[in-house]
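To start, the structure under review is shown below, and the notes come after it.
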Amino acid sequence: MRLDTASEAQTLTLGDYDGNGLADIAYTEAVGSHQRLMISYGTADRPLAPIEVGEFPSIIGITRVQFPDSIDQLSLAADLAVLQSPSGGVATLTLLHGSPNRTMMPYFDPRSAAARGESGGFRGTVIGRFGEAAGIAHRGIVALA
């Protein structure tokens, strides 16, 4: 199966972003002055045509993560964390939540615009299982700003 792209794929992250038990393909590609995140959802016979789920000025890194919520209580759908750095700006982290509806909903920074501006940008992020000893099996993200 061939997926046509607008430019060379820059990142590739496989996961089940719609929770149907089949692998989906997430990739980023450069388009003009930004990068866009595309997902080709997997079906029983072949991946569907890629759809755009987000645009970012400059992606530093992207990884698959898992966040439970009221729609996906069994944590079947994978989620994505995108670390980005706008040109001349501070690094930001965007979390995209997968769903059975084949959508990727972004979680936004809940702080006020003034508080976001006070942060010096991300110095580092770590993804891991930080509460496993307490019986928490889900991964968490620690970000230092």
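The values are calculated or read from the model by the stated rules, or taken from the named source; none is laboratory data. Just so we're clear, the structure is a prediction, and the values are computed from it rather than from any experiment. With ideal geometry, Cβ positions are generated from the backbone for all residues, glycine too; neighbour counts draw on all protein chains shown. Calculation scope for accessible area: heavy atoms of the full protein, side chains included, ligands and nucleic acids excluded. Shrake-Rupley method; radii C 1.70, N 1.55, O 1.52, S 1.80 Å.
Numbers at a glance
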{"read-out": "Condition met for Val126 (within 20 Å of Thr11 (Cβ to Cβ) and at pLDDT 85 or above)", "value": "no"}
{"read-out": "Residue pairs meeting the criteria (Cβ under 9 Å; at least 6 apart or on separate chains; first more than 15 Å from Ile51 (Cα to Cα) and assigned to a strand (DSSP E or B), in region 93-105; second open to solvent by less than 20 Å² (accessible area, probe 1.4 Å) and among the aromatic types (Phe, Trp, Tyr))", "value": "Thr94/Phe56"}
{"read-out": "Number of the exception - Arg111 against (1) modelled with pLDDT of 75 or more; (2) open to solvent by 80 Å² or more (accessible area, probe 1.4 Å); (3) part of a loop (DSSP other than H, G, I, E, B)", "value": "(1)"}
{"read-out": "The listed residue being in contact with a Gly (Cβ under 9 Å, 6 or more places away or on another chain), free of Cβ contacts under 8 Å to residues at least 60 places away in the same chain and of a type in the set (Ser, Thr, Tyr), out of Thr5, Thr11", "value": "Thr11"}
{"read-out": "Selection from region 6-65 of residues that are open to solvent by 20 Å² or more (accessible area, probe 1.4 Å), hydrophobic (A, V, I, L, M, F, W, C), outside any loop (DSSP other than H, G, I, E, B) and out of contact with any Phe, Trp or Tyr (no Cβ under 7 Å at 6 or more places or on another chain)", "value": "Leu14, Ile25, Ala30, Val31, Ile51, Val53, Ile59, Ile60, Ile62"}
